[in-house]
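Read through the structure below, which is laid out as structure tokens, and then see the notes.
The values are calculated or read from the model by the stated rules, or taken from the named source; none is laboratory data. All figures in this text were calculated on a predicted structure; none of them were measured in a lab. Using ideal geometry, Cβ is built from the backbone for each residue, glycine included, and neighbour counts are taken over all protein chains shown.
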Amino acid sequence: MTDLAPDSPAPASPAPDCIAPTLGFIEQLAHEAVSTLPPPFREPATQVRLRVEEFPSDELVDALGLSDPFELTGLYEGIPLTEKSASDQVTQPDVVWLFRRPILDEWAERGNVSIGELVAHVVIHEFAHHFGWSDDEIARIDPWWE
């Protein structure tokens with residue numbers, strides 16, 4: 001069996017004998033995606049907590065009205081910067097959630113992107129909610145968006 005080590009290039013589609021990327025590896029890819037954001041966003045993005053779980057919780061799936069937890073690859077939880085005020089009391093940090101199993105399913109279904117590209121795409125989409133980016137701004141940062 002081959003292992004997808006963090007320093008190895010990820011194949012565009014999983015090989016039949018590969019080991020699925022771990023939670024830790026997905027988190028490492030997410031942090032790498034944050035480190036490649038344009039300079040005005042990079043530092044503020046490091047103030048957002050990144051969390052990687054296997055699946056969204058049943059409560060979250062129900063709250064979002066989803067029929068299947070595989071429908072959700074990521075989620076931004078917090079108050080977008082465009083809506084925050086200096087007088088707001090911070091009760092909990094903003095969080096970008098990534099859900100490993102739905103990401104892996106989409107990666108396998110697509111077969112035309114690396115796991116790193118897909119994780120970066122999900123991370124950028126979730127940070128778009130945090131920063132209040134328009135579709136045009138997202139497309140400039142993540143050309144794969146289109």
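Among the residues of the stretch 103-146, the ones that are without any contact (Cβ under 8 Å) to a residue 12 or more places away in the chain and of a type in the set (Phe, Trp, Tyr) come to 1 in all. Any idea which residue in the stretch 117-146 is farthest from residue 72 (Cα to Cα), counting only those that are among the small types (Gly, Ala, Ser) and in a helix (DSSP H, G or I)? The qualifying residue farthest from residue 72 (Cα to Cα) is 139.
Condition check: modelled with pLDDT of 85 or more, touching a Ser or Thr at 6+ places or on another chain (Cβ under 6 Å) and in a helix (DSSP H, G or I). Does residue 40 satisfy that? No: the conditions fail for residue 40.
Does residue 67 count as of a type in the set (S, T, N, Q), more than 20 Å from residue 47 (Cβ to Cβ) and surrounded by 15 or more Cβ atoms within 10 Å (Cβ to Cβ)? Taking the combined requirement at face value, the residue does not satisfy it. If the condition is being in a helix (DSSP H, G or I) and either under 26 Å from residue 83 (Cα atoms) or small (Gly, Ala, Ser) (or both), then the stretch 96-116 contributes 108, 116.
Residues in the stretch 35-89 that are among the charged types (D, E, K, R), over 18 Å from the mean Cα position of the chain (by Cα) and within 29 Å of residue 109 (Cα to Cα): 58, 59, 62, 68.
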